[in-house]
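J.: Sharing a structure here in C-alpha coordinates format.
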Amino acid sequence: MTVILELLSVNRLKRELNQVLRKLSRGNPDVYIISLKGQRVAYLVAPDLFQAGMHTVDHVALDETLRKMRNSPQENQSESL
(Lines give C-alpha, C1' and ligand atoms only; values in the text may rest on other atoms or scores of the structure.)
Protein backbone atom coordinates (compact mmCIF):
# COMPACT_ATOMS: atom_id res chain seq x y z
CA MET A 1 0.00 0.00 0.00
CA THR A 2 1.39 3.37 -1.04
CA VAL A 3 0.62 6.26 1.29
CA ILE A 4 0.42 9.71 -0.26
CA LEU A 5 1.71 12.53 1.96
CA GLU A 6 1.35 16.28 1.57
CA LEU A 7 3.11 18.93 3.65
CA LEU A 8 0.88 21.82 4.70
CA SER A 9 1.56 24.89 6.82
CA VAL A 10 -0.81 25.85 9.63
CA ASN A 11 -1.65 29.09 7.81
CA ARG A 12 -2.57 27.23 4.62
CA LEU A 13 -4.59 24.71 6.65
CA LYS A 14 -6.58 27.59 8.16
CA ARG A 15 -7.33 29.01 4.71
CA GLU A 16 -8.14 25.69 3.03
CA LEU A 17 -9.64 23.57 5.81
CA ASN A 18 -12.83 22.62 3.93
CA GLN A 19 -10.88 21.57 0.84
CA VAL A 20 -8.34 19.63 2.95
CA LEU A 21 -11.09 17.70 4.72
CA ARG A 22 -12.83 16.88 1.43
CA LYS A 23 -9.57 15.60 -0.04
CA LEU A 24 -8.88 13.49 3.06
CA SER A 25 -12.35 11.94 2.86
CA ARG A 26 -11.51 10.88 -0.72
CA GLY A 27 -8.12 9.54 0.36
CA ASN A 28 -5.99 11.82 -1.78
CA PRO A 29 -3.68 12.50 -0.04
CA ASP A 30 -3.83 9.92 2.75
CA VAL A 31 -1.93 12.07 5.24
CA TYR A 32 -1.33 15.79 5.63
CA ILE A 33 1.77 16.71 7.60
CA ILE A 34 1.05 20.02 9.32
CA SER A 35 4.01 22.30 9.97
CA LEU A 36 4.46 25.42 12.06
CA LYS A 37 7.59 27.49 11.49
CA GLY A 38 9.17 24.56 9.63
CA GLN A 39 8.53 22.02 12.40
CA ARG A 40 6.07 19.14 12.15
CA VAL A 41 3.33 19.69 14.69
CA ALA A 42 0.45 17.43 13.60
CA TYR A 43 -0.78 14.84 11.16
CA LEU A 44 -4.22 14.69 9.55
CA VAL A 45 -4.92 11.12 8.50
CA ALA A 46 -7.63 9.73 6.20
CA PRO A 47 -10.20 7.71 8.19
CA ASP A 48 -9.53 4.38 6.45
CA LEU A 49 -5.78 4.67 7.04
CA PHE A 50 -6.40 5.57 10.69
CA GLN A 51 -8.71 2.55 11.11
CA ALA A 52 -6.10 0.26 9.56
CA GLY A 53 -3.47 1.68 11.90
CA MET A 54 -5.66 1.18 14.94
CA HIS A 55 -6.35 -2.40 13.85
CA THR A 56 -2.59 -2.99 13.68
CA VAL A 57 -2.07 -1.40 17.12
CA ASP A 58 -4.80 -3.64 18.58
CA HIS A 59 -3.08 -6.72 17.20
CA VAL A 60 0.33 -5.59 18.45
CA ALA A 61 -1.09 -5.01 21.94
CA LEU A 62 -2.79 -8.41 21.89
CA ASP A 63 0.39 -10.14 20.72
CA GLU A 64 2.39 -8.42 23.48
CA THR A 65 -0.15 -9.43 26.13
CA LEU A 66 -0.11 -13.05 24.95
CA ARG A 67 3.70 -13.05 24.90
CA LYS A 68 3.79 -11.79 28.50
CA MET A 69 1.27 -14.43 29.56
CA ARG A 70 3.35 -17.20 28.00
CA ASN A 71 6.57 -15.95 29.63
CA SER A 72 5.24 -15.68 33.18
CA PRO A 73 2.73 -18.47 33.90
CA GLN A 74 3.00 -18.10 37.70
CA GLU A 75 1.88 -14.46 37.59
CA ASN A 76 -1.08 -15.44 35.45
CA GLN A 77 -2.17 -18.14 37.89
CA SER A 78 -2.07 -15.76 40.83
CA GLU A 79 -3.97 -13.10 38.87
CA SER A 80 -6.76 -15.53 38.01
CA LEU A 81 -7.34 -16.47 41.68
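The values are calculated or read from the model by the stated rules, or taken from the named source; none is laboratory data. Everything numeric in this text was worked out from a predicted model, so none of it was measured. Note that we place each Cβ from the backbone using ideal geometry, even for glycine, and neighbour counts take in every protein chain shown. Keep in mind that these areas ignore ligands, DNA and RNA; they rest on the heavy atoms of the full protein, side chains included. Shrake-Rupley method; radii C 1.70, N 1.55, O 1.52, S 1.80 Å.
J.: Given R₀ = 41 Å, what would the calculated FRET efficiency be for VAL3 paired with ARG67, taking r from the Cβ atoms and rounding to 0.05?
T.: 0.90
J.: Scale the Cα Rg of the chain by the rule-of-thumb value 2.2 N^0.38 Å and send over the ratio, two decimals. Display every interim value, and only then the final one.
T.: Working: Rg = 19.7 Å, N = 81, 2.2 N^0.38 = 11.7 Å.
Compactness ratio reported: 1.69.
J.: Would you grab the residues whose amide H sits under 5 Å from the one on SER9? Only those 5+ places off in sequence or on another chain, please, with H modelled 1.01 Å from N.
T.: SER35
J.: Kindly work out what percent of the DSSP beta bridges joining two residues of the chain are antiparallel, to the nearest 5.
T.: 55 percent
J.: Work from the charge dipole of the chain (Cβ charges, +1 for Lys and Arg, -1 for Asp and Glu, about the Cα centre) and give the residue of GLY53, VAL10, MET69 farthest towards its positive end.
T.: So the residue we want is VAL10.
J.: Could you tell me what percent of the accessible area of the chain is made up of carbon and sulfur, with a 1.4 Å probe and every protein chain present? Display every interim value, and only then the final one.
T.: Details: 3640 of 6590 Å².
Carbon with sulfur: 55 percent of the solvent-accessible area.
J.: If you count only protein heavy atoms with a 1.4 Å probe, what accessible area per residue comes out for the range 1-66, rounded to a whole Å²?
T.: Solvent-accessible surface per residue comes out at 75 Å².
J.: Please compute the contact order of the chain in relative form: average sequence separation of alpha-carbon pairs under 8 Å and at least six residues apart, divided by the residue count, as a percent.
T.: Details: 65 pairs, mean separation 18.6, N = 81.
Here the relative contact order equals 23 percent.
J.: Can you give the calculated 222 nm mean residue ellipticity of the chain, where each DSSP H run of n ≥ 4 adds -39,500 (n - 2.57) and the sum is split over every residue, rounded to the nearest 500 deg cm²/dmol?
T.: -19000 deg cm²/dmol
J.: Compare SER9, SER35, SER25 by solvent-accessible area with a 1.4 Å probe and give them largest first, with all protein chains kept in place. All intermediate terms of the calculation are to be shown ahead of the outcome.
T.: On the way: SER9 50, SER35 20, SER25 90 Å².
The most accessible residue leads, giving SER25, SER9, SER35.
J.: Hey, what angle do you get for helix 17-26 against the long axis of the chain, alpha-carbon based, 0 to 90 degrees rounded to 10?
T.: Roughly 50 degrees, rounded to the nearest 10.
J.: Pick from LEU44, LEU66, LEU36 the residue whose mean-square fluctuation is largest in a GNM of the chain, springs joining Cα atoms under 10 Å.
T.: Evaluated over the chain, the most mobile residue of the options is LEU66.
J.: I would also like to ask the following. For the chain, with only Lys/Arg (+1) and Asp/Glu (-1) charged at the beta-carbon, what is the dipole magnitude about the Cα centre, in debye rounded to 20?
T.: Using only the charged Cβ atoms, the result is roughly 620 debye.
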